Amino acid sequence: MKKILVVNVNWLGDVLFSTPFIRALRNKYPDAYISCMIVPRCKEVLEGNPYLDELIIYDDEGKHSSLFGKLQFISLLRAKKFDEVYLLHRSLTRTMLTALAKIPKRLGYVTKKRRLFLTHKIEPPETEMHRVEYFLHLAKEFGLPIDNLGYDFFIPPDEEKYIEKFLQESGIGEDAFIVLNPGANWLLKRWPTKYFGILGDLLTREMGVKVVISGAEKDLGLAQEIVGYMETKPIIAAGKTTLKQLGALFKRASLVVTNDTGPLHIALAVKAKVVALFGPTSSKITGPYGPGEYRVIQKDIGCIVPCYHLKCKDNRCMKEITPEEVLKEVEVLLSRE
């Protein structure tokens, strides 16, 4: 049996972008044993994925951060006797790990530093492209068949039942609701909490829907700030869901309003309607992609995008998006049957 390893990337959204590649790999090798090397914080994205046989956790910030830890990981990979590895991550360290693990066929985009460690090299695309296309360009170069561009995110039935119970206990039941997802790993990507609060009231008063605020436990403060700006009372789900449960929540929602963050792509993966708010990052590179019903709002304020001016004080690119504009886009999407 052919044994294949995929070395995946480090961020939730990017891992979702890689799922069409993984599906293409399985289509090419239906009888192979396919494993995926993934960091702990992203493993839930790929759990339950039927196109993978195994997840191998590479804890680069924990037990595998030291030289001894890396040697242990090399031994683990070597014992599995992989025939080939597809390196979606451009890391020199990860490439060296697979070489030292004696995986004979190592395929990926070439960089100056890791050229010697790859056996099958592809030059990176010269033109700017979405991350999904970036991974699929690699797939096409290595002869993997592309079926569709949708993301894969699989939710166990128990997690859907958890959300149904949560909605019942929150007083929503079978009522329509819209999710506001205010978090983002980068502060400048966040739409102001005051605007989320204004939007929440507009949605409740003018559309008659209930509002749920989602997020991780670290986003609980954001949720409470939004509540402070609202006259109506939303339901707070921040800190109360795993990634799978969050996906189930999005799946049940009428629509999701979100910043540029990993959960945006979870919402798309479960076929939720989405209004995505973009500021300093490029929607052409990390925005919604593939099939689905979504709208992107991004203002041209004269700045170069993507912008990495981390000390920007006014965050005008996000502040220029008004709650009223977002409401209009929500109405457009919800008017479509």
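Looking at Glu217, Glu231, which one is free of Cβ contacts under 8 Å to residues at least 24 places away in the same chain, farther than 25 Å from Glu293 by Cβ, in contact with a Lys or Arg (Cβ under 9 Å, 6 or more places away or on another chain) and surrounded by fewer than 18 Cβ atoms within 10 Å (Cβ to Cβ)?
Result of the check over Glu217, Glu231: Glu217.
Looking only at residues that are touching a helix residue (DSSP H, G or I) at 6+ places or on another chain (Cβ under 6 Å) and not aliphatic (A, V, I, L, M) in the range 37-56, which one is nearest to Asp260 (Cα to Cα)?
So, considering only residues that are touching a helix residue (DSSP H, G or I) at 6+ places or on another chain (Cβ under 6 Å) and not aliphatic (A, V, I, L, M), the one nearest to Asp260 (Cα to Cα) is Cys42.
Please specify each residue of the range 34-79 satisfying the condition of being more than 22 Å from Lys244 (Cβ to Cβ) and among the hydrophobic types (A, V, I, L, M, F, W, C).
Leu67, Phe68, Leu71, Phe73, Ile74, Leu76, Leu77, Ala79
Please count how many residues of the range 29-55 are in a strand (DSSP E or B) and farther than 19 Å from Gly13 by Cα. Walk me through how you get there before you give the answer.
So in the range 29-55, the residues in a strand (DSSP E or B) come out as 33-38, 54-55.
Next cut, farther than 19 Å from Gly13 by Cα only: 33-35, 54.
Number satisfying all stated conditions: 4.
Going by the conditions given, is Ile56 under 25 Å from Val45 (Cβ atoms), under 25 Å from the mean Cα position of the chain (by Cα) and either at pLDDT below 95 or not polar (S, T, N, Q) (or both)? Quick ask: steps written out before the conclusion?
Numbers: under 25 Å from Val45 (Cβ atoms): yes; under 25 Å from the mean Cα position of the chain (by Cα): yes; either at pLDDT below 95 or not polar (S, T, N, Q) (or both): yes.
Judged against the criteria, Ile56 is a match.
Within the range 70-81, does at least one residue satisfy the condition of being crowded, with 16+ Cβ neighbours inside 10 Å and outside any helix (DSSP H, G or I)?
Among the residues of the range 70-81, not one is crowded, with 16+ Cβ neighbours inside 10 Å and outside any helix (DSSP H, G or I), which makes the answer no.
With Glu329, Glu320, Glu325 as the choices, which residue is over 27 Å from Glu44 (Cα atoms), surrounded by 14 or more Cβ atoms within 10 Å (Cβ to Cβ) and without any contact (Cβ under 8 Å) to a residue 24 or more places away in the chain?
On inspection, the qualifying residue turns out to be Glu320.
Inspect the range 301-314 for any residue being modelled with pLDDT of 95 or more, among the small types (Gly, Ala, Ser), outside any helix (DSSP H, G or I) and surrounded by fewer than 23 Cβ atoms within 10 Å (Cβ to Cβ) and give the result as yes or no.
As a first pass, look at the range 301-314 and keep what is modelled with pLDDT of 95 or more: none.
Within the range 301-314, none of the residues are modelled with pLDDT of 95 or more, among the small types (Gly, Ala, Ser), outside any helix (DSSP H, G or I) and surrounded by fewer than 23 Cβ atoms within 10 Å (Cβ to Cβ).
The values are calculated or read from the model by the stated rules, or taken from the named source; none is laboratory data. Quantities reported herein were computed from a predicted structural model and do not represent experimental measurements. Heads up, the Cβs are rebuilt from the backbone with ideal geometry, glycines too, and the neighbour counts pull from every protein chain shown.
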